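Asks: My questions all concern the structure below.
The values are calculated or read from the model by the stated rules, or taken from the named source; none is laboratory data. In this text the structure is predicted, and so the values were computed from the model without any measurement. Cβ: placed from backbone, ideal geometry, glycine included. Neighbour counts: every protein chain shown. Ligands, DNA and RNA are excluded from the accessible area calculation, which covers all protein heavy atoms including side chains. Shrake-Rupley method; radii C 1.70, N 1.55, O 1.52, S 1.80 Å.
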Amino acid sequence: MRRLVRDDSQASVPSFSVDQTAYTDPDVYERERERVFAHSWLYFAHESEVPTPGSFLARSLCGRPLVLTRDLEGALHVVENTCAHRGARVCQEHRGTARVFQCPYHLWTYELDGRLRAVPDDERYATPLDRAVLGLRRPRMDVYRGFVFVAFDAEVGALTDHLGGAREYLDLVCDQSEQGFEVIPGTYDLDLNANWKLLAENTLDGYHLDKLHRRVYTAYAAEGRGALRRDGGAFALGGGHAVIELTPPVRRLTAFWAPPWPESLRPTIEARRIALEQKFGVARAHKMTQTNRILLVFPNLLVLDGESGNVWLRAFEPASTSLTHIRMQVIAPRGEEAAERTLRLREALRFSGPAARATPDDIEVMESCQRGFNNSRESDVSRGLGHDAQRHVDEVQMRGFWTHWQALLGDDR
Ligand code: FES
Ligand SMILES: [Fe+2]
């Protein structure tokens with residue numbers, strides 16, 4: 001495959017561009033499936049989605065049906081939702097509680113950790129069935145601070161090594177709640193008619209915020225909020241992970257109260273800021289509470305720790321060159337007061353919901369790009385080159401993503 005990322009960032013006239021066939025070529029897509037998704041840790045679910053012993057959650061990852069379970073002792077497992085007998089799905093429901101999974105076809109029965117428990121009428125097999133090998137297969141699974149990751153390559157390295165520089169930013173989110181976070185029930189599932197890399201780019205794109213979304217910022221201004229500042233940061237974190245930081249926020253439920261939120265919530269929110277300062281020091285607490293951040297955990301998780309202190313997860317997987325399945329969920333501190341939870345949900349849906357002020361415009365413009373790519377130009381990704389400090393309106397974070405992507409795909413020239 002020819003090189004599609006052209007990195008001349010060290011040239012006297014620096015530039016960085018991406019050939020748009022990277023988003024449209026079926027051969028590129030096939031190579032991505034093999035070289036990016038088949039051998040990487042992939043975000044799968046949040047452990048709060050299986051809250052109690054016996055809980056399960058069935059969903060696909062890169063087209064492969066899987067089940068996340070919490071066994072009766074509370075341990076987490078991920079098993080393939082494919083019967084060891086002849087392949088039927090052993091779990092038919094999306095979520096619930098169970099003591100075992102029983103395949104509907106010939107009633108083979110499995111434990112929640114995938115071990116084969118029972119086979120009806122097994123006397124007709126020539127040799128006794130080897131139950132040790134006839135369980136549900138288990139991909140690699142590991143958990144980082146409640147985020148459950150899966151890898152289909154048994155040889156892949158440790159999850160913490162994969163997360164690398166992204167860990168610090170996941171910690172900045174997770175440390176905001178003493179009790180940890182939980183997924184608020186309900187998902188916003190979306191089929192985007194655009195390439196998955198457009199979603200990664202768009203979500204990490206600080207340049208477009210007050211342009212494509214100018215209606216949002218006009219509305220914010222009408223509420224008395226200040227204009228969006230341009231002095232946030234942008235960082236390529238290695239391994240394709242990337243982050244932008246936006247500062248200062250307008251207000252954050254975590255620990256930064258501001259009108260027009262009800263005065264009744266102010267003491268709770270301010271007490272939390274003081275507690276965070278005592279626990280983590282003023283500088284780190286300030287970063288947690290006075291900065292919004294948008295993080296890409298390469299390759300398939302976006303964490304938007306955004307305005308109002310809402311944390312949206314966008315988990316995604318490519319289905320073709322021009323189709324991406326996206327699952328959006330809000331995570332929130334466990335045990336927060338009902339009034340805060342209500343406010344959180346209301347704020348969350350203002351910016352990023354299906355009828356929100358921003359997400360529909362992003363979807364429209366990503367699908368517009370995908371159609372535009374049929375003319376196969378090059379996308380410019382050079383903002384910030386030639387400047388020392390990289391701002392959130394620059395593109396160093398995208399260059400880090402693309403450089404890692406190109407390294408994984410290889411360059412056969
Ligand atoms: S396919 Fe599952 S028991 Fe036969
Ligand atoms: Fe946007």
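Asks: Heavy-atom accessible area of residue 279 with all protein chains present, probe 1.4 Å, nearest 10 Å²?
Replies: Counting only protein heavy atoms, residue 279 exposes about 120 Å² to solvent.
Asks: Could you sort 131-139, 148-156 so that the peptide with the highest average Cβ count within 10 Å comes first and the rest follow in order?
Replies: Put in order of decreasing packing, that is 148-156, 131-139.
Asks: If amide H atoms are built 1.01 Å from N in the plane of the peptide, which residues on other chains or at least 5 residues away come under 5 Å of the amide H of residue 39?
Replies: Amide H to amide H, under 5 Å and 5 or more residues apart or across chains, residue 39 pairs with nothing.
Asks: Separate question: Which residue, 69, 40, 13, has the largest displacement toward the positive end of the dipole of segment 1-155 when charges sit on each Cβ (Lys, Arg +1; Asp, Glu -1)?
Replies: So the residue we want is 69.
Asks: Looking at the chain, do any whole DSSP H helices span at least 18 angstrom along their long axis by alpha carbon and average 0.0 or above on Kyte-Doolittle, and which?
Replies: 396-409
Asks: Sorted by mean Cβ packing within 10 Å, highest first, what order do the peptides 259-269, 168-178 take?
Replies: The peptides rank, most packed first, as 168-178, 259-269.
Asks: When we measure straight from the Cα of residue 211, which lysines land under 23 angstrom away, once same-chain ones fewer than 8 places off are left out?
Replies: Counting by Cα, and skipping residues close in sequence, residue 211 has these lysines nearby: 197.
Asks: With springs only between Cα atoms under 10 Å, which of 184, 294, 326 fluctuates most in a Gaussian network model of the chain?
Replies: Its mean-square fluctuation being the largest, the pick is 184.
Asks: Can you show me the helix-derived [θ] at 222 nm for the chain, built from DSSP H runs with n ≥ 4 at -39,500 (n - 2.57) apiece and divided by the number of residues, rounded to the nearest 500.
Replies: Result for the chain: -7500 deg cm²/dmol, rounded to the nearest 500.
Asks: Of 322, 335, 389, which is farthest along the charge dipole of the chain in the positive direction, counting Lys and Arg as +1 and Asp and Glu as -1 at C-beta?
Replies: Going by the Cα projections, it comes out as 335.
Asks: Also: Checking the cross-link filter: which lysines have an alpha carbon closer than 23 Å to that of residue 279, excluding same-chain neighbours under 8 positions apart?
Replies: 287
Asks: Could you work out the mean projected area of the convex hull around the alpha carbons of segment 174-289, in square nanometres to one decimal?
Replies: 9.9
Asks: May I have the convex hull volume per residue, in Å³, for the Cα set of segment 275-336?
Replies: Values: hull volume 6.7 nm³, N = 62.
Expressed per residue, the convex hull around the Cα atoms of segment 275-336 is 108 Å³.
Asks: Taking the Cα centre of each part, how many Å lie between segment 294-347 and segment 57-82?
Replies: 21
Asks: Here is a follow-up. Can you give me the convex hull volume of the Cα atoms of the chain, divided per residue and expressed in Å³?
Replies: Cα-based convex hull of the chain, divided per residue, equals 159 Å³.
Asks: How many Å² of accessible area per residue for segment 74-195, probe 1.4 Å?
Replies: The answer is 54 Å² per residue.
Asks: Considering only C-alpha atoms, what is the centroid distance from segment 390-406 to segment 165-230, in Å?
Replies: 17
Asks: Which FRET efficiency value, to the nearest 0.05, do you get for residue 193 and residue 121 by plugging their Cβ-Cβ distance into 1/(1 + (r/R0)^6) with R0 = 60 Å?
Replies: With a Förster radius of 60 Å, E is 0.80.
Asks: With the convex hull built on the Cα atoms of segment 58-115, state its orientation-averaged projected area in nm².
Replies: 3.7
Asks: Using protein chains only and a probe of 1.4 angstrom, how many square angstrom of residue 28 are accessible, to the nearest 10?
Replies: 0
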